[in-house]
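Structure first, then comments.
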Amino acid sequence: RSVEIGHTVRDRLPDTGELRRRDAETGRRRCHEVRQMQRRWQSGGTAKLGSGARAMELTFAQFRVPIAPNKSSLFCGRRVLLTYSKNNELEWICDWFRFHRDVHGADAVIIYDNGSTKYDATDLLDALNSLQGLTVSHVVHWPFKHGPGSRDSAGNVDSRYGQAGALEHARWRFLCSARSVMVGDVDELVLPNINQSVFCEAERSKKGFLKYSGMWIIDRRLEEAEHSQREPARHKDFCYRMAPDPTVPAEEADARIRSNSKWTVVPNRCPRKAQWHIHNIRNWRRATKSSTPHFSHRHFVPINTNWNPERLALLNEKFSGAPIRDRLLEEFFARVRWNE
């Protein structure tokens, strides 16, 4: 169980083709390649064993980047939960693990902490260390900018490069040897529609990858939770979702109650050129397939630090119909050891 500082470099790097043209003109031989990816660039190559740093040259500066040791052995053979978090309540993080431990068999967690101010990494690790069934826990201090969260006229988010960089960092630094990895947020819980773990199903599938859609769980407490007045509220206090609005076309009504997809992967079956991203894996044909009907996730509106008021306002506009009780979610809540 450990904590460390993550490293990243963000700038508009020239692509590999441009570097090769420059090298041909200067007669230099380059030891690394640069590849453009969505919201980021990736530099890769070889270095001598024991090298402390490698030189990087940008258009405006030269500097040295520390080469950190590969720590994939920490998570070798583990079923890992991977998330990116800032100021989420410690109890929320613990409940997120408890649910996926008891429902899916998760036994390891890696958290990229994006500059939390409510607690430090030691507090977070102490909370995780108190949980039964958690074999490996690791916190990476990731104090880099998340990226603008504003939306364009089409409703698309401009850029969230902090999270995209964290996913790639986790893949190559820690998770190459993991048995399987679930990527999601602390306010999301994955439900099976079959009697199977999402990790197990990803591992036994031909492609080693599962993508699943989600539904929003709204800010309406269960009656027993209202009586307890528990603060902060926990996942198990909520299980109401919105029914499709009958006054709008069926396709639009379905889209309103759905949250973006999330995924689980077997890392060693994921192509090197593929890019781990927030809602999918890019540059991998198998990952473009439609979502599996055997799993879905629930996205909890009330499990939120209000970091993006704009998004909450949009959600409130969507949730104008009558709520319905999510019986499948309740069924799996009953299987969780919430105090262990």
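The values are calculated or read from the model by the stated rules, or taken from the named source; none is laboratory data. Since the model is a prediction, treat every value here as computed from it, not as a measurement. Virtual Cβ from ideal backbone geometry, glycine too; neighbours counted across all protein chains shown. Surface accessibility is based on the protein's heavy atoms, side chains included, excluding ligands, DNA and RNA. Shrake-Rupley method; radii C 1.70, N 1.55, O 1.52, S 1.80 Å.
For this structure, a couple of remarks:
- Selection over segment 251-305 of residues that are surrounded by fewer than 17 Cβ atoms within 10 Å (Cβ to Cβ) and touching a Cys at 6+ places or on another chain (Cβ under 6 Å) gives a count of 0.
- Qualifying residues in segment 191-218 (those that are crowded, with 18+ Cβ neighbours inside 10 Å and assigned to a loop (DSSP other than H, G, I, E, B)) - the one farthest from the chain's Cα centre (by Cα): ILE218
- Filter result for ARG335 (basic (Lys, Arg) and either modelled with pLDDT of 95 or more or touching a Lys or Arg at 6+ places or on another chain (Cβ under 7 Å) (or both)): yes
- On the stretch given as segment 96-116, residues that are surrounded by fewer than 20 Cβ atoms within 10 Å (Cβ to Cβ) and either modelled with pLDDT under 95 or under 17 Å from PHE238 (Cβ atoms) (or both) total 2.
- Counting only residues that are surrounded by 13 or more Cβ atoms within 10 Å (Cβ to Cβ) and either touching a Gly at 6+ places or on another chain (Cβ under 9 Å) or in a strand (DSSP E or B) (or both), segment 230-245 holds 6 of them.
- When VAL248 is tested against (1) over 21 Å from the mean Cα position of the chain (by Cα); (2) at pLDDT 95 or above, only condition (2) is not met.
- Conditions (1) at pLDDT below 75; (2) open to solvent by less than 20 Å² (accessible area, probe 1.4 Å); number of the one not met by LEU222: (1)
- For segment 117-143, a residue qualifies if it is buried (at least 19 other Cβ atoms within 10 Å of the Cβ) and assigned to a loop (DSSP other than H, G, I, E, B), and the qualifying residues are LEU134, TRP142.
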